[in-house]
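**Q** Below: one structure in structure tokens.
The values are calculated or read from the model by the stated rules, or taken from the named source; none is laboratory data. Everything quoted here is computed from the prediction, not taken from an experiment. For neighbour counting, all protein chains shown are included, and Cβ atoms are generated from backbone atoms with ideal geometry for every residue, glycine included. Protein only, heavy atoms only, side chains kept; ligands, DNA and RNA dropped before computing areas. Shrake-Rupley method; radii C 1.70, N 1.55, O 1.52, S 1.80 Å.
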Protein chains: 2
Amino acid sequence: MNFELNKSIKILERTPAVFRALFQDLDCEWATINEGPKTWSAYDIIGHLIHGERTDWIPRAKIILGDNEDKTFKPFDRFAQETLSKGKSTNELLEEFTRLRQESLQQLKAWKLTDEDLNKKGVHPELGAVTLAQLLSTWTIHDLAHINQLSRVMVKHYANDVGPWKNYIRLLKDL
Amino acid sequence: MNFELNKSIKILERTPAVFRALFQDLDCEWATINEGPKTWSAYDIIGHLIHGERTDWIPRAKIILGDNEDKTFKPFDRFAQETLSKGKSTNELLEEFTRLRQESLQQLKAWKLTDEDLNKKGVHPELGAVTLAQLLSTWTIHDLAHINQLSRVMVKHYANDVGPWKNYIRLLKDL
């Protein structure tokens, strides 16, 4: 096992800056390109991360740590951003994500979680029993998995521009 | 074709900030984990990008744009960082990369490249004839492909910590 709370916090608190470094004040289409119909752009991903701050990670941790006997999480809506992001600019979403993530981390740190807390369990509506450590591990690499996704989308945007170098770039070889 | 010079510059000038956001002043192992023997960590990747600034992108563009009749590029050493990064901290490499990339972009902008320039050709030692536009496209997505790589490495670091969520994370499903 590699999970450590402090190691996770280091990533979680850096993710908004990574997204701002890539997309803030950008006047071209890198934030809105995707991999085709029903695939996600960076803009979609930021909206998805915002919804996660509001309804997924900290709310589920609260259920695990709280006194309520029913430990079942509410299902997470993976498509909420389709309506919730409407009319918002990428900069507005980046600001919202930055603020919400700061609030989430304030809460996470304020709990001063013990090993006993990290072993407490909740019930995922599809996956069944999960520990708080597993929830926090997933939160951490969920950020990184979406950075992985958006970088893949951006690489593919130039698939037909690199000429013979296509053979050297793993993500383009099979296109 | 999606390549535009200004669109590429937007990415190239942001990459050092993305790396700093992720790895500067980090007191845990996210920058040095890899996927096993002979695979690269973020630390290795930053060294590789530094060597690219020194010997690959701008030097090759100079060959394409220059007066010398022999347009053949020198082969790029993909493993130079194994010796060149020795003894340097991640912060030192980040600083070096940031400075070298700024210098590269100063040169790139100073050329005020025309469409005619972008169609000029050099000779890659393995791939044969390539245009300046293809070189600059490759430089751009080479950054992004390495962000893709390091985020993959970091996701896998928690492969055994996420419990049943493993099934929801594409990069972990097949591990």
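**Q** Could you run through region B:62-83 and say how many residues are touching a Phe, Trp or Tyr at 6+ places or on another chain (Cβ under 8 Å) and of a type outside the set (V, I, T)?
**A** Adding up the residues that qualify gives 1.
**Q** Of the conditions (1) within 30 Å of B:T131 (Cα to Cα); (2) open to solvent by 60 Å² or more (accessible area, probe 1.4 Å), B:R20 clears all except one; give me its number.
**A** With (1) within 30 Å of B:T131 (Cα to Cα); (2) open to solvent by 60 Å² or more (accessible area, probe 1.4 Å) applied to B:R20, the lone miss is (1).
**Q** I'm trying to understand the selection: among the residues of region B:1-15, which are farther than 15 Å from B:Q106 by Cα and open to solvent by 10 Å² or more (accessible area, probe 1.4 Å)?
**A** Of everything in region B:1-15, those that are farther than 15 Å from B:Q106 by Cα and open to solvent by 10 Å² or more (accessible area, probe 1.4 Å) turn out to be B:M1, B:N2, B:F3, B:E4.
**Q** Moving on to the next point. When you look at B:E35, is it open to solvent by less than 20 Å² (accessible area, probe 1.4 Å) and either among the acidic types (D, E) or farther than 12 Å from B:L93 by Cα (or both), yes or no?
**A** Considered against the rule, which asks whether it is open to solvent by less than 20 Å² (accessible area, probe 1.4 Å) and either among the acidic types (D, E) or farther than 12 Å from B:L93 by Cα (or both), B:E35 comes out as no.
**Q** Just checking, how many residues over region A:79-94 are touching a helix residue (DSSP H, G or I) at 6+ places or on another chain (Cβ under 7 Å) and either of a type outside the set (A, V, I, L, M) or closer than 14 Å to A:A42 by Cα (or both)?
**A** The qualifying residues number 5.
**Q** Got a number for residues in region A:1-50 being within 25 Å of A:Y158 (Cβ to Cβ) and part of a loop (DSSP other than H, G, I, E, B)?
**A** 15
**Q** Wholly within region A:62-175, which helices (runs of 4 or more DSSP H) include no fewer than the required count, namely at least 3 residues that are within 11 Å of chain B (Cβ to nearest Cβ) and either exposed (fewer than 14 other Cβ atoms within 10 Å of the Cβ) or of a type in the set (D, E) (or both)?
**A** Qualifying helices (runs of 4 or more DSSP H): none found.
**Q** Taking the conditions exactly as written (within 9 Å of chain B (Cβ to nearest Cβ) and either farther than 15 Å from A:E92 by Cβ or of a type outside the set (G, A, S) (or both)), does A:N6 satisfy them or not? Give the derivation first.
**A** Details: within 9 Å of chain B (Cβ to nearest Cβ): yes; either farther than 15 Å from A:E92 by Cβ or of a type outside the set (G, A, S) (or both): yes.
The answer is yes for A:N6.
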